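K.L.:
Take a look at this one; I'll ask things after.
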Amino acid sequence: MSVQRKIIELAQEIQDTEEFKKFQSAKEQLEQREAAKHMLSDFSRFQRELMEKEERGEEITPEEEAQMAERFQILMMNPYVRNFVQAQYQVMELLIQVQEGLVNHLGLVEKPSEEAPEEKETKQDSKVIPLKKPKLWTPND
């Protein structure tokens, strides 16, 4: 079976997940709300402008960073946008899992060396749960 066929099968499997179904539903809800679409479009445009500025080697000012954070907070007040963003994030997490699984199974990255036994014991005894660094969401990723 060809790789392309497997890609299609994988896409169909992903479409059957709860994450993807929630994303589709949130997207449909968002598409029906002009104000929500407009808010998301404005935010995306501002975010894109800052990314382009950074790509040109220009520094993003603290004022621009604050403006971005403020716009994001306002954007998240809209329940339709918030549901869409959260659902999109969950689908992206699923796709990252797929990519990591492929990379690991293909042996494209070195596996970390085995830790010393005393390090393992310390980690197992610890009750601290490591948190993932939040990723900045970008529309249309």
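K.L.:
Quick one: the Cα spread of region 1-43 along its three principal axes, in angstroms, biggest first?
P.N.:
That works out to 46, 20, 14 Å along the principal axes.
K.L.:
Which whole-Hz couplings ³J(HN,Hα) result when phi for each residue of region 103-110 is put into the Karplus expression 6.51 cos²θ - 1.76 cosθ + 1.60, θ = phi - 60°, listed in order with x for Gly and Pro?
P.N.:
With coefficients 6.51, -1.76 and 1.60, one gets 4, 5, 5, 7, x, 7, 10, 6 Hz.
K.L.:
Continuing with this model, one more query. What ranking of 85, 98 emerges when the number of other C-beta atoms within 10 Å of each C-beta is taken as an exposure proxy, fewest first?
P.N.:
98, 85
K.L.:
Ok, one more. If R₀ is 41 angstrom, what is the calculated FRET efficiency for the pair residue 29 and residue 103, using the beta carbon separation as r and rounding to 0.05?
P.N.:
0.75
K.L.:
Sticking with this one: Report the Stokes-Einstein translational diffusion coefficient (µm² s⁻¹, integer) for region 57-107, Rh taken as the Kirkwood radius over Cα pairs, at 10 °C with viscosity 1.306 mPa s.
P.N.:
After rounding, the answer is 116 µm²/s.
K.L.:
Now, a different point. Taking θ = phi - 60°, what integer Hz values does the Karplus form 6.51 cos²θ - 1.76 cosθ + 1.60 yield along region 58-71, in sequence order, with x for Gly and Pro?
P.N.:
So the J values, rounded to whole Hz, are 7, 7, 7, 6, x, 5, 5, 4, 5, 5, 4, 4, 5, 4.
K.L.:
Output needed: percent of Cα pairs per 5 Å distance bin for region 17-125, bins running from 0 to the one holding the longest distance.
P.N.:
2, 10, 12, 13, 12, 13, 12, 11, 9, 4, 1, 0
K.L.:
Ranking 45, 56, 82 by Cβ neighbours within 10 Å, fewest first, what do you get?
P.N.:
The most exposed by this proxy come first: 56, 45, 82.
Just so you know, all these numbers are worked out from the coordinates, no wet-lab data involved. Worth saying up front: this structure is predicted, and the values here are computed from it rather than measured. Please note: Cβ atoms are built from the backbone with ideal geometry, for glycine as well, and neighbour counts cover all protein chains shown.
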